[in-house]
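Quick note: the coordinates plus some simple rules give every number you see, no bench work behind them. Please read these numbers as outputs of a predicted model, since none were measured by experiment. Reconstructed Cβ throughout: ideal geometry from the backbone, glycine too, with neighbour counts over all protein chains shown.
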């Protein structure tokens, strides 16, 4: 009678079963760090009197948040990361030409069902889309994880998000997640795992499931998980060279709570400033003037996201008061978007294409907002000051809503674009 | 005993408030300390005194896994955080650094900015302005072991055999 999280944590702590609330020490299968937290993590490991990582094949660093370097401080940080990767003889290292960590980790075959994955980035929960238990940790925990291959976890209770039915035209997985955030609140899943189930989830692409799991943390969740299926195995085919055994929840698994989403009736959703759970249907926010649109990030920077934007913008021009920054999440996405003329369509409409990176999302790279400016962003957080000035405003939406709004200059229902 | 002045920032104090994203490139803890709470109170780092206590309502520390946030608080001089609830990554990060994060119901209504606060970690009691006493939720035993060791780094150094 166990959930996916309980089964994975039990298997990794050599126990038959575990109970929510119990603290377990579990073996880590893979650990990754973006540059901004990597140096701190290694400093922590050295402070523990540990000189070398526990397994050089299972630890990686990715230079994604700021790429390429924008000033001397972050250039120095990148340099330190490159030196650490060499000193530690890490088998995998991803430099500034690689893209967003949460896109690269699955593309390069580091994720598989049933594994226990930790990342020094809160959106590590993204990888639950592949049926893994994946969670974000801080630098000291990461120091312990990379130094010893183990970490303690409090076994979370699980909340089930059950989405049934077919999503309407131009209603996306982002809308399912934002609706869930509205229902549960920004702390509604604190210390909990989210399991996404139902026919809507089965119908979703892998990329759409990654969007859901990516934002589990915005509800306070420790991880978000989807059950692996044929789509998962097809994605992993040719990428993962590790044997794996998919893990599924028991039919009598105990859930703390179940949230029902009626997908057929779901409208596009918008998270309004300055909280991810301040969510309204797009029809209640329509007409709000915007200055910048960002299509990208670990949440919505995949081919299907850029393609949705291109479908809406094809043959049209972005409103003269709006700038659009579109950032493919990885070179694989970028190449595919070029091949399908998605990049050309977006550029023809007037979009700026940035290199694969975290880009505008976190306010430390490029695309910074001035005081009073309003952004409509497909990323994951809209905290005050997140993308620049503390006097700017960030709204969050799906790529469809973002693209439709870019054309009109005001927040717009994509179903009418 | 932790003794100082209270700074109350209410509900949903997120990690971008505690340390904005532009400072993630910093690696020196003292540099991070100079920007503590800058996203919500740009003068905080100049005003805070060693031993002062940051008060919050629900979901303190939501957002990023950046350990820069609790590092900045600790190195600005903050002696403890007391809130009604925490986001889990922040809570772990703070404990791992040896920065006490205490849970106390209604604390954001009971203590206001400027109040004198004394925290007795052993007895589990917060004294406000020398008069009112509040009880905080006992720190879980395993977390207390980490706090008592001064954080996870020294805990692992001392307990490598049982880790």
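Points to keep in mind about this one:
- From the list A:218, A:286, the one residue that fits, being touching a residue at least 12 places away in the same chain (Cβ under 8 Å) and touching a helix residue (DSSP H, G or I) at 6+ places or on another chain (Cβ under 8 Å), is A:218.
- Meets criteria (within 14 Å of chain B (Cβ to nearest Cβ), touching a strand residue (DSSP E or B) at 6+ places or on another chain (Cβ under 7 Å) and surrounded by 16 or more Cβ atoms within 10 Å (Cβ to Cβ)) for residue A:44: no
- Residues of the stretch A:380-405 that turn out to be part of a loop (DSSP other than H, G, I, E, B), over 13 Å from residue A:279 (Cα atoms), more than 10 Å from chain B (Cβ to nearest Cβ) and touching a residue at least 24 places away in the same chain (Cβ under 8 Å), as a count: 0
- Members of the stretch B:33-43 found to be crowded, with 24+ Cβ neighbours inside 10 Å and either out of contact with any helix residue (DSSP H, G or I) (no Cβ under 6 Å at 6 or more places or on another chain) or touching a residue at least 40 places away in the same chain (Cβ under 8 Å) (or both), listed by number: B:36
- Residue match in the stretch B:19-26 (condition: part of a loop (DSSP other than H, G, I, E, B), within 27 Å of residue A:187 (Cβ to Cβ), in contact (Cβ under 8 Å) with a residue 12 or more places away in the chain and out of contact with any helix residue (DSSP H, G or I) (no Cβ under 9 Å at 6 or more places or on another chain)): yes
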